[in-house]
1. Based on the alpha-carbon gyration tensor of the stretch 50-146, what equivalent-ellipsoid semi-axes (square roots of 5 times the eigenvalues) come out, in whole Å, largest first?
2. Can you give the net charge of the other residues whose Cβ lies under 15 Å from the Cβ of Val73, counting K and R as +1 and D and E as -1?
3. What is the antiparallel percent of DSSP beta bridges lying wholly in the chain, to the nearest 5?
4. Would you work out which of Val201, Ile289, Cys272 lies farthest towards the positive end of the dipole of the stretch 164-304, given +1 charges on the beta-carbon of Lys and Arg and -1 on that of Asp and Glu, about the Cα centre?
5. If you average the alpha carbon positions of the stretch 47-92 and of the stretch 217-240, how far apart do those two centres end up, in angstrom?
6. Under the definition of Cα pairs under 8 Å and six or more residues apart, what whole-number percent is the relative contact order of the chain?
7. If I model a spin label at Glu256 and Val96 as a point 7 Å from the Cα along the Cα→Cβ vector, what separation in nanometres do I get?
8. Give the peptides 3-10, 44-51, 281-288, 19-26 in descending order of average Cβ contacts within 10 Å, highest first.
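What follows draws every value from the coordinates through simple rules; no lab data is involved. Only a predicted model underlies this, so the values are computations on that prediction, with no experimental measurement involved. Cβ sites come from the backbone with ideal geometry, for glycine too, and all protein chains shown count toward neighbours.
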Amino acid sequence: MSLLTVGSVAFDALETPFGKTDKIIGGSATYITLSASYFTQENNLVAVVGDDFPQTMIDNLNQHGVRTEGLQVRVGEKTFFWSGKYHNDMNTRDTVEVQLNVMEGFDPIIPESYQDCQYLMLGNTAPAIQQTVIERLKNRPKLIVLDTMNLWIEIANSDLMSLLKLVDVLVLNDEEARQLTHEYSVVKAAAKIRTMGPKTVIIKKGEHGALLFSEGQIFFAPALPLESVFDPTGAGDTFAGGFIGHLAKTDDISFENMKRAVIYGSAMASFCVEKFGTERIMNLTQHEIQTRVNEFVTLSAFGL
Ligand code: AMP
């Protein structure tokens, strides 16, 4: 089934305890579409970049089967830039700098050929842009998944609240869930979010895994204990790409299948953190993915 992703395509500059990068390719939609490309053939991107964005990277996305007809290249303008620095625990980070550039005034145009999408992934960007994408689709997709971040909970709360009413699944981390609901318990936070719109909530807890909440049901997926985490940037987006990619591939949105999707998402995220930026998820094989998913199965399997 076809997947449509909207979000940022960016330049990132990163600093972790293991090293530093100058401008490398990042952005929520970049990680999501690359990750989803290992699952679904129909992978459509809506985003905006400036003419400083390398054509080789667009070619790379295309080689992964990502359709870029909806990627606007704005001549004479610069690509969105984000820079972040991780603390020693690698779980928390500070945004050092943001240059909105082309993201300011981004008008997400949906090519006609994307209109029949069944799965919609609203990757991290302003809630008003995410909502415009929903409004511009002639038919409501079968499943709408939303990712957001602390910034939007802070500065665009009313836009976010109106958007939440329109989506099926919200993916966020535990800190964001607390910030959105003012509930410390993630169980209470998920229940409160479910009254705001999304019937399914995924709360990510970084190296402590992820929880999937739906009507009367909870599922917990561990994160793979890795010897070294090099760079967590994009892990959340890569998780979301694996999650929705698996759902789009199997075209089954039951809770049972969402459990598998959470494991696929977690497996993809575990690759992402092994190298800086998109390097690792750019070059994966199906065999590597399946082997890693099997490690997840083994990790928490036990007999009674
Ligand atoms: P994650 O580590 O999964 O939260 O995602 C990191 C990615 O989000 C980076 O590649 C950034 O370019 C992108 N990003 C950071 N801030 C924003 C923002 N305000 N809007 C859109 N994308 C952002």
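1. Equivalent ellipsoid semi-axes, largest first: 26, 19, 15 Å.
2. -3
3. Antiparallel: roughly 40 percent of the beta bridges in the chain.
4. Checked the options; the winner is Val201.
5. 22 Å
6. Contact order relative to length: 18 percent.
7. 4.9 nm
8. With the highest mean Cβ count within 10 Å placed first, the list reads 3-10, 44-51, 19-26, 281-288.
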